[in-house]
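Q: Take this structure, written in structure tokens, and hold onto it; I'll ask about it next.
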Amino acid sequence: ALVLLVEAGINITSAVRSLIAHDGSKWISSIMKSVDECLFGVILVLLAAKILASFVVPDEVGQSFPKWMKPSDVAELKSTFCQAVIVYLIVDFATDMAILDSKTDFGLLVLPAGIVLIACALKLMPHSAHS
């Protein structure tokens, strides 16, 4: 996650340089990439915090964590991970579509089809013992 956040910072720096050089397409591309990397870095940090609160720290310390950070079981943790992957893939697809010049290639439908399949699999998975 830290590497992704550093990479996002580098892309933001590149975007500022492109903006100063009046290179509009490079600027937009760098901003979209940095948003993509920031989003995935934050998702990884949140998932790591959930795993930490659930399995690593003692229960006394885990009680001080917010309720949303403590999954009730592994099924809820898997569900959270799948939801995070779906959000990341949607943002990645939007980034790719913003950068590409030609949007008529049928190969571009692979990623949305994968997103739909993951969403269908998520719908079929049990989310927690309480639901």
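The values are calculated or read from the model by the stated rules, or taken from the named source; none is laboratory data. Because the structure is a prediction, the values reported are computed rather than measured. Reconstructed Cβ throughout: ideal geometry from the backbone, glycine too, with neighbour counts over all protein chains shown. For the accessible areas, the whole protein counts, side chains as well, though only heavy atoms, and no ligand, DNA or RNA atoms are used. Shrake-Rupley method; radii C 1.70, N 1.55, O 1.52, S 1.80 Å.
Q: Please give the per residue accessible area of the chain, computed with a probe of 1.4 Å over protein heavy atoms only, in Å². Could the numbers behind the result be given before it?
A: Details: 8590 Å² over 131 residues.
With the other protein chains kept in place, the chain gives 66 Å² per residue.
Q: Of the heavy-atom accessible surface of the chain (probe 1.4 angstrom), what whole percent is carbon and sulfur?
A: Values: 6170 of 8590 Å².
Roughly 72 percent of what the probe reaches on the chain is carbon or sulfur.
Q: If you count only protein heavy atoms and use a 1.4 Å probe, how large is the accessible surface of Lys50, to the nearest 10 Å²?
A: Only protein atoms counted, so the area is about 20 Å².
Q: Determine which lysines satisfy two conditions relative to Lys123: a Cα distance under 30 Å, and not lying fewer than 8 residues away in the same chain.
A: Lys33, Lys50, Lys67, Lys70, Lys78, Lys103
Q: Also: For the chain, set up a GNM with springs between Cα atoms under 10 Å and report which of Ala53, Ala21, Ala84 has the largest fluctuation.
A: Result: Ala21 has the largest fluctuation of those listed.
Q: Only Cα pairs within less than 10 Å get springs; with that Gaussian network setup on the chain, which residue of Leu117, Leu108, Leu100 has the largest fluctuation?
A: For the chain, modelled as a Gaussian network with Cα springs under 10 Å, the answer is Leu100.
Q: Considering only Leu122, Leu100, Leu4, whose Cα is most displaced toward the positive end of the charge dipole of the chain, charges sitting on Cβ of Lys, Arg (+1) and Asp, Glu (-1)?
A: Leu122
Q: With an 8 Å cut-off on Cα pairs and a minimum separation of 6 or more residues, tell me the relative contact order of segment 6-93 in percent.
A: Working: 52 pairs, mean separation 21.8, N = 88.
Contact order relative to length: 25 percent.
Q: In deg cm²/dmol, rounded to 500, what helix-only [θ] at 222 nm does the chain give when every DSSP H run of at least 4 residues adds -39500 (n - 2.57) and the total is split over its residues?
A: Values: 5 runs with 92 residues, N = 131.
Result for the chain: -24000 deg cm²/dmol, rounded to the nearest 500.
Q: Tilt of helix 110-124 relative to the longest C-alpha principal axis of the chain, in degrees (0 to 90, nearest 10)?
A: In the chain, helix 110-124 runs at an angle near 10 degrees to the longest axis.
Q: Also: Can you give the Rg and Dmax of the chain based on its C-alpha atoms, in angstrom?
A: 18.4, 56
Q: Using a 1.4 Å probe and ignoring any ligands, DNA or RNA, find the accessible area of Val61 and quote it in Å² to the nearest 10.
A: 70
Q: So how much accessible area does Glu76 have, in Å² to the nearest 10, using a 1.4 Å probe?
A: Approximately 50 Å² for this residue.
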